[in-house]
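Asker: Sharing a structure, written as structure tokens. Questions coming.
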Amino acid sequence: MDIPALHTLTNGIIIGICLSISFGLVCFKQMAHAINPKYRRACHFFIAASLIIAAGHLAELLVDGFGVYRSLDLFSILVLVLASSQALMFTFMLILLFDSRYVTFANVMKHAAPSLVFILLYVVSCCIEADVCVYSLAEWRACVVHNLPLAVRTLFGVTYTVQLFV
């Protein structure tokens, strides 16, 4: 199997899994502890995160084309949004699986706020200045200081990595 076909297959599997999770959670309302509004709220966040991941992988397939694979640039915003959404989905899954008192809107937003802030900053910075694509560390070093969207993407990547380890 060649790399483009493997890329399309992998994205298709991820899209199918995320949509299955979303559909399963929509039907999840019948469980006894789903009556609790905290768990219902966590389910809604979990559904949103898995739909974002599915939509992002579908967008990647539609932009690249099925059976085509182009390497994404350093700190690609699509990869950062998908990765942070997957981390949020994992967090919400743990919140749902372990009957916890920490299922609150404030705790969920504590995990989601950095991603939301950086996405907003990225959109605003792209309105101010055009984003550049960088494919090597030398290009990145040359452009990161002079290009605001690339600097925001870099900060997003660093924050996501730190948040992942914490």
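The values are calculated or read from the model by the stated rules, or taken from the named source; none is laboratory data. Model, not experiment: these values are computed from the prediction. Note that we place each Cβ from the backbone using ideal geometry, even for glycine, and neighbour counts take in every protein chain shown. Quick note on the areas: whole protein, heavy atoms, side chains included, nothing else; ligands and nucleic acids left out. Shrake-Rupley method; radii C 1.70, N 1.55, O 1.52, S 1.80 Å.
Asker: Of the accessible area of the range 116-166, with the probe set at 1.4 angstrom, what percent is carbon plus sulfur?
Answerer: With neighbouring chains kept in place, the figure for the range 116-166 is 77 percent.
Asker: Still on this model: Which order do His57, His146, His44 take by accessible area at a 1.4 Å probe, largest first? List each step's numbers first, then the result.
Answerer: On the way: His57 20, His146 140, His44 110 Å².
Output order, biggest surface exposure first: His146, His44, His57.
Asker: Given a 1.4 Å probe and heavy atoms of the protein chains only, how would you sort Ile13, Ile21, largest accessible area at the top?
Answerer: Details: Ile13 90, Ile21 50 Å².
Result of the area sort, largest leading: Ile13, Ile21.
Asker: Further, regarding this structure: Using amide H atoms built in the peptide plane, which far-off residues or other-chain residues are under 5 Å from Asn147 H to H?
Answerer: Close amide H contacts, sequence-distant or interchain: none at all.
Asker: In addition: Once a ≥ b ≥ c are taken as the square roots of the eigenvalues of the Cα gyration tensor of the range 123-166, is the result rounded (a/c under 1.5), prolate (a/b larger than b/c) or oblate (a/b not larger than b/c)? List each step's numbers first, then the result.
Answerer: Details: a/c = 2.86, a/b = 1.38, b/c = 2.08.
Oblate.
Asker: For the pair Phe90 and Val123, how long in nm is the line joining their label points, each one 7 Å along Cα→Cβ?
Answerer: Placing both labels 7 Å beyond Cα along the Cβ direction yields 2.7 nm.
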